[in-house]
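Each value in this text was obtained by applying a stated rule to the coordinates, not by laboratory testing. What you see is a predicted model, and the numbers here were worked out from it, not measured in a lab. In this analysis, Cβ positions are derived from the backbone assuming ideal geometry, glycine residues included, and neighbour counts consider all displayed protein chains.
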Amino acid sequence: MTAGEAAILCVVAVIGHLMALFWLCVEDYEIDLSRDRIYDLPIKDAQVRRELKNSLHTPMHAVILLLALLVGLFEARGLGTFLWTLVLTALWTEVWHYASHRAFHLKSLHWIHAEHHKSRLSSPFTALSFSFTEKLIFDLGIVGGMALLGLFIELNFYGIATWFVGYLIINSYGHANYEIRGESFMALKGTVLTSTVYHALHHSRYTGNYGLGTRVLDRLFETEWPDAAAVFDKVVVHKEPLHALRETVDSTEVQS
Ligand SMILES: [Zn+2]
Ligand SMILES: [Zn+2]
């Protein structure tokens with residue numbers, strides 16, 4: 001293993017925790033990052049303690065990537081293979097996450113996913129809080145799917161590892177109880193990409209909005225909450241947090 005490979009594996013192993021600590025400091029020191037509160041409800045210390053305990057196995061991402069390296073997968077190097085591996089990982093993960101997430105919401109499989117849903121209000125530590133089985137299935141699905149693809153085209157280890165780093169950074173604030181995206185987000189990017197508000201609705205209402213980085217599959221399979229954009233508008237444009245987990249927003253109410 002090269003020094004570069006070892007370095008990025010270390011980053012993958014710890015970046016999720018570092019990001020959660022960063023957002024904790026932002027909260028504690030009241031640093032102004034234009035954050036708009038989503039739910040005007042408190043997150044209890046017991047929840048954060050449970051999430052921290054679950055986060056002990058989060059570095060599993062790095063272990064699985066290390067095993068992939070040791071068995072000789074993803075050997076291509078260079079900018080071209082890096083870029084297409086990164087894009088293909090993002091595309092595959094979007095499909096894998098949506099399909100497995102929908103499956104985890106079936107009664108017979110929900111035990112795998114129930115731990116993550118104990119957090120009805122999400123926090124940056126919720127991004128690290130999954131059952132061991134769920135994390136294992138998620139990671140094996142990503143790396144296994146890419147390994148199958150690697151039978152047909154050259155794939156670069158750094159492309160997959162970099163996707164994990166990006167995922168762990170975005171997923172950290174993607175689980176906060178505040179939105180950091182600005183008012184203009186929904187005009188273009190938000191028509192395709194998910195937001196923190198988007199995933200907060202999945203936690204508070206327990207179903208709907210299953211997508212990871214994009215709204216594409218939720219729209220295709222009609223699993224998106226119809227007021228998702230209206231809630232974003234209420235929280236970010238009108239600076240009005242929601243007051244109850246099941247609160248819905250009339251889409252006509254917040255048009256400015
Ligand atoms: Zn879920
Ligand atoms: Zn979540």
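Summary of values
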| item | result |
| --- | --- |
| Per DSSP, loop GluC sites (Glu not before Pro) in the range 1-83 with at most 13 further Cβ within 10 Å | GLU30 |
| The chain - charge dipole about Cα centre, Lys and Arg +1 at Cβ, Asp and Glu -1, debye rounded to 20 | 540 debye |
| Sequence of LEU136, LEU201, LEU56 once ranked by neighbouring C-beta atoms within 10 Å, starting from the fewest | LEU56, LEU136, LEU201 |
| Dipole of the range 137-222, positive end: most advanced residue of LEU151, LEU168, THR191 [Cβ charges, Cα centre] | THR191 |
| Highest-fluctuation residue, ILE15, ILE137, ILE169 considered, GNM on the chain with Cα pairs under 10 Å | ILE137 |
| Percentage relative contact order, the range 81-218, counting C-alpha pairs under 8 Å, at least six apart | 34 percent |
| R0 of 41 Å, Cβ-Cβ distance LEU52-THR252: FRET efficiency to nearest 0.05 | 0.50 |
| Computed over the range 3-237: relative contact order in percent, which uses C-alpha pairs under 8 Å that are six or more apart | 29 percent |
| Charge tally in the Cβ shell below 14 Å around PHE221, where Lys, Arg are +1 and Asp, Glu are -1, PHE221 excluded | -1 |
| Spacing of the two label points (7 Å from each Cα toward its C-beta) at ARG77 and LEU41, in nm | 5.1 nm |
| Long-range amide H partners of LEU193 with built H, under 5 Å | ARG215 |
| Radius 15 Å from Cβ of GLN47, net charge of other residues (Lys, Arg +1; Asp, Glu -1) | +2 |
| 28 Å Cα cut-off, lysine pairs counted over the range 110-256 (separation 8 or more, or different chains) | 5 |
| Selected from SER131, SER184, SER123 as most flexible by GNM, with the chain as the system and alpha-carbon contacts under 10 Å | SER184 |
| Computed label-point distance, nm, for sites ARG219 and GLU30 using a 7 Å Cα→Cβ extension | 4.0 nm |
| The chain pair-distance distribution - Cα-Cα, 10 Å bins, rounded % | 7, 30, 35, 22, 6, 0 |
| Extension gain from TRP84 to SER184, taking 0.36 nm per residue of separation minus the Cα-Cα distance | 33.1 nm |
| For TYR39, residues with placed amide H under 5 Å, excluding near neighbours | LEU242 |
